[in-house]
Amino acid sequence: MSDQFAYLRGGFVPLEHATINVRTHAFLYGTAVFEGIKAYWLPEHQQMGIFRLEDHYRRLLQSCQILRLRSPNDLATLAELTCALIRRNQCQTATYLRPIVYKADLRIGPILNPEGTEDDFCLFSLPMESYLNTSGIHVGTSPWRRLDDNAIPARAKVNGAYVNTALAKTDGALCGFDDVVVLTGEGHVAEGSAMNLFLVRGGHLVTSAVTDNILEGITRDTIMTLAAQELGLTVVCRPIDRTELYVAEEAFFAGTATEVAPITRFDHRPVGDGQVGPITTQLLGLYRKAVHGLLPQYAHWVTVV
Ligand SMILES: Cc1ncc(COP(=O)(O)O)c(C=O)c1O
């Protein structure tokens, strides 16, 4: 048995015992919401630090609100349980945390939250370095479209919606791309398979508008803040056309697992001169410092465990 624990049905259990009944509503219908949170070893504290912990749980509770799921725990308790798991699993390297609020009902039928049914919270952790490489990736435009806000809202991090992500990411990989961008039904660029997109155009940082079926990323917010505050850049949120990808000076993905992943080719066309650009390089460096607790002005983003 491994020495790792997970949290399920109100308690910590060995990872192998963290299992659910096959009749669980979330398994049958995808009716769950989740977060991806990262914790890092902080060299100056010699302790783990969780990046933007409360912001992730604020978004989890918003996802619950959209899906009519009832989190058994409030924000403060969710944050405490997460710190407790890091301690219990004795994490000392970059760690990915996956909290989920899921519909635990065992009755058949897709209806959400009929009277008297309980939803459950579970959480597990695993070691994880960067999800994509940082020396420049090749991104393709996926033929799969992003789910619409009026179908399955991208603003909520709904487990079932990641079928859309899986199709886009897998078919992109089979075509030889490191990752993909997905377009909205109207043909604007929404985001990557599981990360937000940034372009540099005319020296400004450009990212898709929140009305273009994106997850309102916490890394997106971090990057927008660092770009404006630390580099004095103008950040513009607006609809992005597909061909803007081909004429951008620089481009990168941003997400909790992805961190900052420079994009050096889109659909077999080089981005700029095909090398990782200077603004991307600076933002990657600032982001790494922020998550490791090395930017004192952003110490409030890091919860020391
Ligand atoms: C669809 C999607 N977009 C964007 C992101 C980036 O969001 P965040 O920076 O909050 O991790 C994620 C990652 O969770 C995602 O799944």
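The values are calculated or read from the model by the stated rules, or taken from the named source; none is laboratory data. These numbers were taken from a predicted model, which means no experiment stands behind them. In this analysis, Cβ positions are derived from the backbone assuming ideal geometry, glycine residues included, and neighbour counts consider all displayed protein chains.
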- Tell me which residues, restricted to region 264-276, are more than 15 Å from V182 (Cα to Cα) and not charged (D, E, K, R). T264, H268, P270, V271, G272, G274, Q275, V276
- Which one is surrounded by the most Cβ atoms within 10 Å (Cβ to Cβ), of the residues in region 155-186 that are part of a loop (DSSP other than H, G, I, E, B) and acidic (D, E)? D178
- Could you list, in sequence order, the residues of region 189-206 that are outside any loop (DSSP other than H, G, I, E, B) and either in contact with a Cys (Cβ under 6 Å, 6 or more places away or on another chain) or more than 15 Å from the ligand (Cβ to nearest atom) (or both)? L199, V200, R201, H204, L205, V206
- Message: Give me the strands (runs of 3 or more DSSP E) completely within region 217-295, filtered to those with at least 1 residues that are outside the structural domain of T93 (by TED's automatic domain parsing), surrounded by 23 or more Cβ atoms within 10 Å (Cβ to Cβ) and within 13 Å of the ligand (Cβ to nearest atom), ordered by residue number.
- Response: 250-255, 259-266
- Task: Within region 7-63, work out how many residues are of a type in the set (S, T, Y), in contact (Cβ under 8 Å) with a residue 24 or more places away in the chain and more than 21 Å from M128 (Cα to Cα).
- Result: 4
- Message: Among the residues of region 219-237, what is the count of those that are within 15 Å of L197 (Cβ to Cβ) and in contact (Cβ under 8 Å) with a residue 24 or more places away in the chain?
- Response: 9
- Task: Of the numbered conditions (1) touching a strand residue (DSSP E or B) at 6+ places or on another chain (Cβ under 7 Å); (2) over 17 Å from R98 (Cβ atoms), C64 fails exactly one; give the number of that condition.
- Result: (2)
- Tell me which of these G272 doesn't satisfy, since it passes every other one: (1) touching an Asp or Glu at 6+ places or on another chain (Cβ under 8 Å); (2) closer than 17 Å to L42 by Cβ; (3) of a type in the set (G, A, S). (2)
- helices (runs of 4 or more DSSP H) contained in region 1-94 and holding at least 2 residues within 20 Å of the chain's Cα centre (by Cα), at negative phi and surrounded by 15 or more Cβ atoms within 10 Å (Cβ to Cβ): 53-67, 75-88
